[in-house]
Amino acid sequence: MAERLDERLGDRFALLARGTRTADARHRTLRAVVDWSWELLTEDERAAARRFTVFAGGATAASALAVARADEETLTALADRSLLDFSRGRYRMLETIRAYGAEKLAEAGEAEETEAAHAAHLLDLAARADLLGSGQLAALDRLAAEHDDLIAALRRAVAAGRAGTASALLTAMSVYLWIRGLAGSAAPLAAALLDLPDAAALPPEEYAVCVTIAGTRATEEQRERAGAALAGAERPLRNSMASLQWLMGSVGGGDMSVQFETLMAERESPDRWARSAAHLMSGYPRLANGDLAEAEHEYRTAAEGFRALGERWGTALALDALAGLAATAGDTARAVALTEEALTLAGELGAADDIADLLCNRGDLRAAADPEAARAD
């Protein structure tokens, strides 16, 4: 860390930093360097720098302006003084400087206000992201860039007991987490959120999403309450994927009739994505009953609905279902082709869990004709 600061702060500190021999002495040296740089800032620059410390993974200029009230001129000045680093469109703060600035933020009595602004900004970004439409790829990448800050804002809200803020954040980011296979990173926080005193009073849809993300950490009582809450929630849901998440998150947990019925109610939804998801899942019992024609109709209806929205994840699920149907009918070549099309979409999305599942499926399909390719998958 000292060497990195040497590069940024210049030769006037190089000999001092290199001359230290112990961890404590090095820490004191770094502290002196940051103290010196901090005192050179204007009051506006110090205010922006201390507020910037709420960002866990750096920030774009727009985010810094919204949360830290730092304009481009101020950000440039902080970068020139080596308190910020700018690369690939984001400003970042070294951890040593961030810890120092966080102390200054607390001393100024601005921590709560700035953390609230940070949470509100992240909630706005996540809520406005086109995660299930034609802008899906850009939206996923945008939230991926903010992943550390989304989790940090969620963690702070839970730690402060702000159940409403935490649940709204988790609900808004849940589609991103689910598609990218990152729901597990938020599961402990979701479980802690459910244990907050105000959790039972959360909006029904948000409560159900929290339980879904918490997964096996949720209690049976919480799961039962979530099922009733989601079934009775006002339609259309704000999170189009909520009912499907609830069903998929329950796989392997015994009787799923309630979850299935909740999703089937979406067949009449004005929300085309939710409606397509209901058609997709309604094809599976038809396939199990041997009604291949009806199963294909449901899967195709789902695929058409997802494609009309320009949405890749649902389309990949529908293609995988059609591949399974083709395999059942003995058309292995078509099953492989459909699986590969789904794999392409999942790859574009960075949907790690789905890529793994699809590779396994393709391996099963190739096993008889090409054992080596199957083994590679």
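In terms of solvent-accessible area of protein heavy atoms at a 1.4 angstrom probe, what is the ranking of D364, D35, highest value first? Show your work: numbers first, answer last.
Numbers: D364 115, D35 55 Å².
From most exposed to least exposed: D364, D35.
Rounded to the nearest Hz, the phi-derived 3J(HN,Hα) couplings of region 125-138 under the Karplus curve 6.51 cos²θ - 1.76 cosθ + 1.60 (θ = phi - 60°) are 4, 5, 5, 8, 5, 7, 7, 10, x, 5, x, 4, 4, 5, where x marks glycine and proline.
State to the nearest 20 debye the size of the charge dipole of the chain about its Cα centre, where the only charges are +1 on K and R beta carbons and -1 on D and E beta carbons.
Once rounded to the nearest 20, the dipole reads 780 debye.
Taking a ≥ b ≥ c as the square roots of the eigenvalues of the alpha carbon gyration tensor, region 158-241 is rounded, as a/c is under 1.5. Take the Cα of E221, go 7 Å toward its beta carbon, and the backbone nitrogen atoms of region 166-193 under 18 Å from that spot belong to 191-193.
Applying 1/(1 + (r/R0)^6) with R0 = 22 Å to the Cβ-Cβ distance of A79 and A99 gives a FRET efficiency near 0.70. For region 108-114, the Karplus equation 6.51 cos²θ - 1.76 cosθ + 1.60, evaluated at θ = phi - 60°, returns couplings of 7, x, 10, 4, 4, 5, 6 Hz by residue, with Gly and Pro reported as x. Computed from Cα atoms, the angle from the helix 332-349 axis to the main principal axis of the chain rounds to 20 degrees.
Which residues make up the longest stretch of the chain that has no trypsin sites (Lys or Arg not before Pro) in a DSSP loop with at most 16 other Cβ atoms within 10 Å?
Working: sites that count: R21, R69, R81, R88, R238.
My reading of the result: 89-237 is the longest stretch.
Along the axis of the charge dipole computed for the chain (Cβ charges of +1 for Lys and Arg, -1 for Asp and Glu, origin at the Cα centre), the listed residues W246, H121, T216 are led at the positive end by H121.
Using alpha carbons only, how many degrees (0 to 90, rounded to 10) separate the axis of helix 292-308 from the longest principal axis of the chain? The helix 292-308 is inclined about 30 degrees to the chain. Answer with one residue from A303, A61, L78: the one whose Cα lies farthest towards the positive end of the charge dipole of the chain, charges on Cβ with Lys, Arg +1 and Asp, Glu -1. In the chain, that residue is L78.
Each residue of region 318-325 was assigned a 3J(HN,Hα) from its phi angle through the Karplus expression (A = 6.51, B = -1.76, C = 1.60, θ = phi - 60°), giving 5, 5, 5, 5, 5, 5, x, 5 Hz with x at Gly and Pro.
Rounded to the nearest whole Å³, what is the per residue volume of the convex hull around the Cα atoms of the chain?
Values: hull volume 65.0 nm³, N = 377.
Measuring per residue, one finds 172 Å³ for the Cα hull of the chain.
Suppose all protein chains stay in the model; what accessible area per residue would a 1.4 Å probe give for the chain, in Å²?
Here the per-residue accessible area is 46 Å².
The values are calculated or read from the model by the stated rules, or taken from the named source; none is laboratory data. It should be emphasised that the depicted structure is a prediction, and the values quoted were computed from it without experimental measurement. Please note: Cβ atoms are built from the backbone with ideal geometry, for glycine as well, and neighbour counts cover all protein chains shown. Keep in mind that these areas ignore ligands, DNA and RNA; they rest on the heavy atoms of the full protein, side chains included. Shrake-Rupley method; radii C 1.70, N 1.55, O 1.52, S 1.80 Å.
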